[in-house]
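Report on the structure given below.
The values are calculated or read from the model by the stated rules, or taken from the named source; none is laboratory data. All values derive from a computational prediction rather than experimental measurement. For neighbour counting, all protein chains shown are included, and Cβ atoms are generated from backbone atoms with ideal geometry for every residue, glycine included. Quick note on the areas: whole protein, heavy atoms, side chains included, nothing else; ligands and nucleic acids left out. Shrake-Rupley method; radii C 1.70, N 1.55, O 1.52, S 1.80 Å.
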Amino acid sequence: MRIEAVQGDITAERVDAVVNAANEALAGGGGVDGAIHRAAGAEELHAACAALGRCPTGDAKATPGFRLAARWVIHAVGPRYRDGEHGEAELLARAYRRCLEVADELGARSVAFPAISTGIYGYPRDEAARIAVATIASTPTAVELVRLVAFDGQTLLAYERELSSRGNEGDEG
Ligand code: ADP
């Protein structure tokens, strides 16, 4: 698998599936969730999410991408960060793993991720980047390309540090 990091708006990604940083109610919200709803078509995406019911923290569920270039949206629920002593790291890792499992069920070969939990949910950016890269790299999957989409330059730097310290930027495996 190739893992790469870019800076940009995930709603413009031309991949099989984009991941949304959703909430348990799958009710839409601010941040990347709001941007994905607006770009996909808020009414249709809202209805598709309502049909899924709730999604517990650490889990992920898919809907069509509607007006996005991506065929699917994988709605993942990361943890709210409290103090790091409440299982946040495991829940964040589980959310990334579940996205790849759902991508495999869909047959998606390219997936773009936002920095789950690092906005409104307050997860420290560098630690979240470490968990994202380590979890994606160690999860067995048929996904061939993972693109980590940073909205801001600091998050991009955090990804680049993690990828270069693993020596797998652009590599196979
Ligand atoms: P959470 O509630 O999981 O923290 P947020 O949407 O508040 O979710 O933030 C998650 C990350 O997504 C943050 O790093 C935020 O800067 C980023 N983000 C916000 N809008 C976009 C977008 N359009 N594309 C990519 N990333 C985005």
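If R0 equals 30 Å, the separation of the Cβ atoms of H86 and R14 corresponds to a calculated FRET efficiency of about 0.20.
Can you tell me the length gained on complete extension of the stretch D152 to S138, counting 0.36 nm per residue apart and subtracting the Cα distance?
Values: separation 14, 0.36 × 14 = 5.04 nm, distance 2.55 nm.
Taking D152 through S138 to full extension adds about 2.5 nm, to one decimal.
Taking amide H atoms as placed 1.01 Å from N in the peptide plane, the amide H of R109 lies under 5 Å from those of D16, each 5 or more residues away in sequence or on another chain.
Computed about the Cα centre, the dipole magnitude for the stretch 31-173 is approximately 340 debye when only Lys and Arg (+1) and Asp and Glu (-1) carry charge, each at its Cβ.
Distant-in-sequence amide contacts of A60, defined by a placed amide H-H separation under 5 Å and a gap of 5 or more residues or a different chain, comprise nothing. The accessible-area ordering, largest first, of the residues R166, R82 stands as R82, R166, per a 1.4 angstrom probe.
Once the convex hull of the C-alpha atoms of the stretch 67-123 is built, how many Å³ does it hold per residue, rounded to a whole number? Could you put the intermediate results ahead of the total?
On the way: hull volume 4.5 nm³, N = 57.
So the per-residue Cα hull volume is 78 Å³.
Amide H contacts of G28: N23, each under 5 Å away and 5 or more positions distant or on a separate chain (H built 1.01 Å from N in the peptide plane; Pro and chain starts excluded).
Accessible area per residue (1.4 Å probe, heavy atoms of protein chains only) ranks E13, E88 as E13, E88, with the largest value leading. Backbone phi angles across the stretch 59-70, fed through the Karplus curve with coefficients 6.51, -1.76 and 1.60 (θ = phi - 60°), yield HN-Hα couplings of 10, 8, 9, 9, 10, x, x, 6, 7, 6, 5, 6 Hz in residue order; Gly and Pro are listed as x. Counting pairwise Cα distances across the stretch 2-166, what percent come out greater than 20 angstrom? Percentage above 20 Å: 43.
Solvent-accessible area assigned to carbon and sulfur over the stretch 37-173 amounts to 48 percent, based on a 1.4 Å probe.
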